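The block underneath contains the structure these notes are about, expressed in structure tokens.
Here, each number is a calculation from the coordinates, and none is a lab measurement. Here the structure is a predicted model, which means the values were calculated and not measured. Quick reminder, even Gly has a Cβ in these numbers, built from the backbone with ideal geometry, and neighbours come from all protein chains shown.
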Ligand code: PHE
């Protein structure tokens, strides 16, 4: 009898030790200690044994039951931990991985990119950025800027009127007077924004963007304008660029100029193979904007004695953002900017 108990002990412990899962362990518990198992049966039968065996068999059988129970408890703990670990490893989520399915990341529209690039350049030169209304009064859009009643831009064939005295602004220049009314001199400001004209062809869209610039301070001359625009041209088109001013006319600047930048596609109008440069048409120069010294008459609309043309002078310019992007990236047709064709837009940025 005692030999059999020792066998149950040794086999039982070995089996518990070898159990590879909690299910296996449960089966073992039933087999070794369950109601029909040999050891409990044996314990229950101790009373029927001859009296001299009872003590020894009962004691040993009890010890073996306890040994098996405690070994099972240990095994249970070991297997629970191992199973939890493996479940944690299997279920692990790496939250640093990109989402699934991978979403394409968008990019800024080329016009926005160009706009921000221009703003950065002028912020670096000490200008601040302002914005203004796109629906503008005829007064700010034309009258304050010296447009004669007969000026062609005032016509309904050129300009979108929203009422008799309001228009979709045709340029960002009305912000010159608004900026001066909002801030005393010295004033160094750029004003980006949308403008509208009744035009639609490969080089004109009915809506486009401009960046107005305005600097008003003491002793400002055209040389300051030229220096500012030279810095700008080099930042945008490359360090080798030069600028030239050509006399022109705008009703609200005097003198007025058009500003050209030296062509960045050729050498003085000619390509290495001896053909004429297609970008500057052989000129060697590309027009980039209109500018001039603020006309003294414009200050009178500001109606602020600090803007006295005897004390302050200023320069202003207006450049087309589409035109800058178009030149810089060699875009064939301005309308491409607004057709939302991703094959075009995805080339930039
Ligand atoms: N507003 C003018 C235009 O749209 C450009 C300009 C701005 C000219 C400022 C001179 C000074 O053509």
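Express in nm, to one decimal, how much length is gained between residue 137 and residue 10 on full extension, taking 0.36 nm for each residue of separation and deducting their alpha carbon distance.
Gain on extension, residue 137 to residue 10, equals 35.5 nm.
Using r as the Cβ-Cβ distance of residue 87 and residue 1, and R0 as 30 Å, what FRET efficiency do you calculate, to the nearest 0.05?
After rounding to 0.05, the efficiency reads 0.10.
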If one takes the longest principal axis of the Cα atoms in the chain, at what angle in degrees, from 0 to 90 and to the nearest 10, does the Cα axis of helix 222-237 lie?
40
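Please give the FRET efficiency for residue 117 paired with residue 94, using the beta carbon to beta carbon distance and R0 = 45 Å, rounded to the nearest 0.05.
Numbers: r = 37 Å, r/R0 = 0.82.
For R0 = 45 Å, the calculated efficiency reads 0.75.
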Round to the nearest 0.05 the FRET efficiency obtained for residue 153 and residue 264 when R0 = 30 Å and r is the Cβ-Cβ distance.
0.45
Would you please state which residues of region 205-232 a label at residue 182 would reach in this model, taking the label point 7 Å out along Cα→Cβ and a backbone N cut-off of under 14 Å?
212-214
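Which whole number of Å³ per residue matches the convex hull of the alpha-carbon atoms in region 2-90?
70
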Roughly how far apart, in whole Å, are the Cα centres of region 95-109 and region 284-349?
35
With Cα coordinates, the longest principal axis of the chain makes an angle with the long axis of helix 51-90, in degrees rounded to 10, of 10
Once residue 21 and residue 218 are pulled to full extension, the length gained, defined as 0.36 nm per residue separation minus their Cα-Cα distance, is 62.0 nm
For region 157-285, just say rounded, prolate or oblate: build the C-alpha gyration tensor, square-root its eigenvalues into a ≥ b ≥ c, call rounded for a/c under 1.5, and beyond that prolate if a/b exceeds b/c, oblate if not.
oblate
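Find how much the distance from residue 271 to residue 80 grows on full extension, using 0.36 nm per residue of separation minus their present alpha carbon separation; answer in nm with one decimal.
60.9 nm
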Based on the alpha carbons, how large is the Rg to Rh ratio for the chain when Rh follows Kirkwood?
1.61
Quick one: 286, 95, fewest Cβ neighbours within 10 Å first, how do they rank?
95, 286
When the chain is modelled as a GNM with alpha-carbon springs shorter than 10 Å, which of 233, 256, 163 fluctuates the most?
163
Extending each Cα 7 Å along its Cβ direction at residue 56 and residue 160, get the distance between those two points in nm, one decimal.
11.1
Rg ratio (alpha-carbon, reference 2.2 N^0.38 Å) - region 95-178
1.69
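Nearest-5 percent of antiparallel DSSP beta bridges in the chain? Numbers along the way, then the final one.
Values: 46 of 48 bridges.
If I count the DSSP bridges inside the chain, around 95 percent turn out antiparallel.
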Only counting other Cβ atoms within 10 Å, I'd like 328, 66 sorted with the fewest neighbours first.
66, 328
Round to the nearest 10 and give me the degree value, 0 to 90, for the angle of helix 2-18's Cα axis relative to the longest principal axis of the chain.
10
